[in-house]
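Colleague: Got a structure here, written out as structure tokens. Questions coming.
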Amino acid sequence: MQYNARNTDTIWSRLPGVARIAVVLGLFSLISACAKNPNEVDLDPERQAMALQEVSRKHALGQRVWCVPYARNLSGIEIRGNAKDWWGKARNGFDRGNEPEVGAVMSFRATRGMPLGHVAVVSDIVTEREVIVNHANWLRNKVSLQMGVRDVSKNNDWTLVRVESRPGSYGSSYPVNGFIYPNFGE
């Protein structure tokens, strides 16, 4: 069979949004796997697909997408309640710390502009002072994938960060509690 761009476009346009997401994630995972050190940890692709499928479902129903359910679905960290309460609630069942790890939830403190706090899932570590996160509702009712976060704290301890709001554009500084680590294999 000969490749025909028009047929490919038609097939792509007929795929439901969830299937498109799965294809993109599959390609992204394949490209990432080729470029990464085999000892590095990746986010679970099944969890990623499930989290994005849930977002698509909410959008289809006209519902708002929030950071907490998205982070819970993506990380597997079963904490409920506002993002500002996750750090305290994690004390009773999850390890917490100030070192980023892939799959960990970055817990943002509540601020005047962000009174409910925020949570994001670390998807990659770039350097000891920069990570990549996936999170929801940083931009209203949207999921932001592969967004950079830079540690700008005085003591290099991840207590203050700047978040990429658009590719290459880092905004204001935000206080962070730390990282909540998933209990894989327990």
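The values are calculated or read from the model by the stated rules, or taken from the named source; none is laboratory data. Fair warning: this is a prediction, and the values are worked out from it, not measured in the lab. Cβ coordinates were reconstructed from backbone atoms using ideal geometry, including for glycine residues, and neighbour counts include every protein chain displayed.
Colleague: Looking at (1) farther than 25 Å from ALA110 by Cβ; (2) in contact with a strand residue (DSSP E or B) (Cβ under 7 Å, 6 or more places away or on another chain), find the lone condition where ASP42 falls short.
Modeller: Status for ASP42: all satisfied but (2).
Colleague: Of all residues in the range 152-186, count the ones that are surrounded by fewer than 18 Cβ atoms within 10 Å (Cβ to Cβ), modelled with pLDDT of 95 or more and small (Gly, Ala, Ser).
Modeller: Total satisfying the criteria: 2.
Colleague: Keeping to the range 135-170, report how many residues are at positive phi and either out of contact with any Cys (no Cβ under 7 Å at 6 or more places or on another chain) or of a type in the set (Asp, Glu) (or both).
Modeller: Qualifying residue count for the region: 5.
Colleague: Let me ask another. Among the residues in the range 88-102, are any within 21 Å of LEU139 (Cα to Cα) and surrounded by 14 or more Cβ atoms within 10 Å (Cβ to Cβ)?
Modeller: Within the range 88-102 (the criterion being within 21 Å of LEU139 (Cα to Cα) and surrounded by 14 or more Cβ atoms within 10 Å (Cβ to Cβ)), the answer is no, since none of the residues qualifies.
Colleague: Now for a separate question. For ARG112, work out the one condition from (1) farther than 19 Å from PRO167 by Cα; (2) in contact (Cβ under 8 Å) with a residue 24 or more places away in the chain; (3) not hydroxyl-bearing (Ser, Thr, Tyr) it doesn't fulfil.
Modeller: Against the list (1) farther than 19 Å from PRO167 by Cα; (2) in contact (Cβ under 8 Å) with a residue 24 or more places away in the chain; (3) not hydroxyl-bearing (Ser, Thr, Tyr), ARG112 comes up short only on (2).
Colleague: Return the residue satisfying two criteria in turn: it lies in the range 22-59 and is aliphatic (A, V, I, L, M) and in contact with a Gly (Cβ under 8 Å, 6 or more places away or on another chain), and of such residues it is modelled with the highest pLDDT.
Modeller: Here the residue is LEU43.
Colleague: In addition: Report, ordered by the first and then the second residue, all pairs with beta carbons closer than 6 Å, sequence separation of six or more or different chains, a first member in the range 168-180 that is within 14 Å of VAL131 (Cβ to Cβ), and a second member that is among the acidic types (Asp, Glu).
Modeller: TYR170/GLU164
Colleague: Exactly one condition in (1) within 22 Å of ALA90 (Cβ to Cβ); (2) over 12 Å from the mean Cα position of the chain (by Cα); (3) in a loop (DSSP other than H, G, I, E, B); (4) not charged (D, E, K, R) is not met by ILE180; state its number.
Modeller: Among (1) within 22 Å of ALA90 (Cβ to Cβ); (2) over 12 Å from the mean Cα position of the chain (by Cα); (3) in a loop (DSSP other than H, G, I, E, B); (4) not charged (D, E, K, R), ILE180 violates only (3).
Colleague: So which residues in the range 57-87 are buried (at least 17 other Cβ atoms within 10 Å of the Cβ) and of a type in the set (S, T, N, Q), if there are any at all?
Modeller: ASN73, SER75
Colleague: Related question: Conditions: (1) in contact with a His (Cβ under 7 Å, 6 or more places away or on another chain); (2) modelled with pLDDT under 95. PRO16 meets all but one. Number of the miss?
Modeller: (1)
Colleague: Also: If you take the residues in the range 136-151 that are out of contact with any helix residue (DSSP H, G or I) (no Cβ under 6 Å at 6 or more places or on another chain) and assigned to a strand (DSSP E or B), which one is surrounded by the most Cβ atoms within 10 Å (Cβ to Cβ)?
Modeller: Ranking the candidates gives VAL149 first.
Colleague: Starting from the range 85-97, take each residue that is part of a helix (DSSP H, G or I) and among the charged types (D, E, K, R) and list its partners that are surrounded by fewer than 16 Cβ atoms within 10 Å (Cβ to Cβ) and modelled with pLDDT of 95 or more, counting only C-beta distances under 7 angstrom and pairs at least six apart or across chains.
Modeller: Pairs that qualify, where the first residue is part of a helix (DSSP H, G or I) and among the charged types (D, E, K, R) and the partner is surrounded by fewer than 16 Cβ atoms within 10 Å (Cβ to Cβ) and modelled with pLDDT of 95 or more, are LYS89/GLY81.
Colleague: Among the residues of the range 102-135, write down those that are more than 12 Å from the chain's Cα centre (by Cα) and not in a strand (DSSP E or B).
Modeller: Answer for the range 102-135, where residues must be more than 12 Å from the chain's Cα centre (by Cα) and not in a strand (DSSP E or B): ARG109, ALA110, THR111, ARG112, GLY113, MET114, PRO115, LEU116, GLY117, GLU128, ARG129.
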